[in-house]
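The values are calculated or read from the model by the stated rules, or taken from the named source; none is laboratory data. None of the values given here were measured: they were computed from a predicted structure. Neighbour counts run over all protein chains shown; Cβ positions are idealised from the backbone, glycine included. These area figures cover heavy atoms from the full protein model, side chains too; ligands, DNA and RNA do not enter into them. Shrake-Rupley method; radii C 1.70, N 1.55, O 1.52, S 1.80 Å.
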Amino acid sequence: MIRYLLKRLFWMIPMLIGISLISFFIMHLAPGDITTTEAGFNPKASEESRQKLRELYNLDKPVIVQYGLWLERMAKLDFGASFASHQRPVFWETKDDQGNVTKGLIQEALPVTLLINVLSLGLIIAIALPLGVVSSLTQNQLPDRAITLFVFIGFAIPGFWLALLLMYWTGVVHDWLPISGLHSLHYDQLGFFGKIGDSLKHLALPVFISGLSGLAGISLFVRNGMLEVLHQDYITTARAKGLGENTVVYRHALRNALLPLITLLGLAIPGLIGGSVIAESIFAIPGMGKLFYDAVLMRDFPVIMGILTIGSALTLLGNLLADLAYAWADPRVRRGVMS
């Protein structure tokens, strides 16, 4: 197992370099750059000033040279500084000669996105598993049809449209929930439990919007897996031995039906980082999704590459964790990994 793990970790390095190379070149195929954005705010900006900006950001060099410079910094785990006027570090905090600390953009945004998506993933698992099981046990009956209808509605509703509708209904019409930000203006004046309640109110809509599509997909995935497993011979044998229905369903059927779900959850890890673009942009939440969206609009290449690199690394790591979880859950896979 250790040899297999080391081999997979070793091959992640060239794969990550290849993904970053493709991402870097595709990113530069888009028209315009940061100089177009910055000069657009000043109608008197001349072509000479734009050229100086390109030289400052090394955008006057060939793309392959720019990638080489970026890769050289990456070898030192340095994502560089943002092209924006604040010139903040992309990834982690830095300290100048006077001892002043400047926090990194991803350092600030990452915990917010992780919080929203971990809560969303927990909501998905807590609701989707029971829905999938109930739907499979009541196939072609009223509960199954109702859950299937809910699943298709969840797939069909555009997330941004539902977010705007809920913002208007719960925040403008009834004033039940806040519609933007993470905290209220009087957050610092609240007590401990008051701060928790205020944060939960601000997170309610973003978490729901982020989890709706995943909730529909995983419940359908569990339903189909359970239907396949319930018709297996060993389930019939377990029932013939006189085992209780709950034991047959939850101990034997559900455990084997969830094996393919391990891969799905492993590949969902990158979504914990970049899967909240719509929710964070609409609700003005300073997370990774909004940071990525703003960086794309500004052609802020260091920030874009930083987020894409982290997402790629997490994709490879999630795939590895899914394989290891498969080996842990299924002895047949474990014997193949160890051999």
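One table, with the values for the structure above:
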item: Residue check, ASN117 closer than 30 Å to ALA216 by Cα and not hydrophobic (A, V, I, L, M, F, W, C); result: yes
item: Those residues of region 173-194 which are assigned to a helix (DSSP H, G or I) and at pLDDT 85 or above, in sequence order; result: VAL173, PHE193, GLY194
item: Test: residue in region 256-274 that is within 19 Å of the chain's Cα centre (by Cα), surrounded by fewer than 18 Cβ atoms within 10 Å (Cβ to Cβ), modelled with pLDDT of 70 or more and under 30 Å from PHE83 (Cα atoms); result: no
item: Residues located in region 72-81, provided they are of a type in the set (A, V, I, L, M, F, W, C) and either open to solvent by 60 Å² or more (accessible area, probe 1.4 Å) or in contact with a strand residue (DSSP E or B) (Cβ under 8 Å, 6 or more places away or on another chain) (or both); result: ALA75, LEU77, PHE79, ALA81
item: Cross-chain or 6+ apart pairs with Cβ under 8 Å, region 284-297 first and without any contact (Cβ under 8 Å) to a residue 24 or more places away in the chain, then among the basic types (Lys, Arg); result: none
item: Region 221-250 residues that are closer than 22 Å to LEU131 by Cβ and open to solvent by 70 Å² or more (accessible area, probe 1.4 Å), paired with ones that are among the β-branched types (Val, Ile, Thr) and assigned to a helix (DSSP H, G or I) (beta carbon under 9 Å, 6 or more apart); result: TYR250/VAL133
item: Residues satisfying the stated conditions in region 156-172, i.e. more than 19 Å from the chain's Cα centre (by Cα) and open to solvent by less than 70 Å² (accessible area, probe 1.4 Å); result: ILE157, LEU162, LEU166, MET167, THR170, GLY171
item: Single residue of region 188-208 satisfying the filter (touching a residue at least 24 places away in the same chain (Cβ under 8 Å) and open to solvent by 20 Å² or more (accessible area, probe 1.4 Å)) that is farthest from PHE150 (Cα to Cα); result: LYS201
item: Scan of region 82-96 for residues that are surrounded by fewer than 21 Cβ atoms within 10 Å (Cβ to Cβ) and of a type in the set (Gly, Ala, Ser), ordered by number; result: ALA84, SER85
item: Residues being in contact with a Gly (Cβ under 8 Å, 6 or more places away or on another chain) and open to solvent by less than 30 Å² (accessible area, probe 1.4 Å) - total across region 173-187; result: 0
item: Qualifying positions in region 156-172 - in contact (Cβ under 8 Å) with a residue 24 or more places away in the chain and either in a loop (DSSP other than H, G, I, E, B) or charged (D, E, K, R) (or both); result: ILE157
item: Filter pass, GLY211 being at pLDDT below 85, part of a helix (DSSP H, G or I) and buried (at least 19 other Cβ atoms within 10 Å of the Cβ); result: yes
item: Among the candidates LEU6, LEU16, LEU29, residue that is out of contact with any Gly (no Cβ under 8 Å at 6 or more places or on another chain), under 18 Å from LEU317 (Cα atoms), open to solvent by 60 Å² or more (accessible area, probe 1.4 Å) and modelled with pLDDT of 70 or more; result: LEU6
item: Pair list, Cβ under 6 Å, 6 or more apart: region 88-106 residue of a type in the set (Lys, Arg), other residue assigned to a loop (DSSP other than H, G, I, E, B); result: ARG88/SER82; LYS103/GLU93
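This table checks each residue for (1) part of a loop (DSSP other than H, G, I, E, B); (2) open to solvent by less than 20 Å² (accessible area, probe 1.4 Å); (3) touching a Gly at 6+ places or on another chain (Cβ under 6 Å).
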site	(1), (2), (3)
GLN98	yes, no, no
LEU110	no, no, no
LEU114	no, no, no
VAL133	no, yes, no
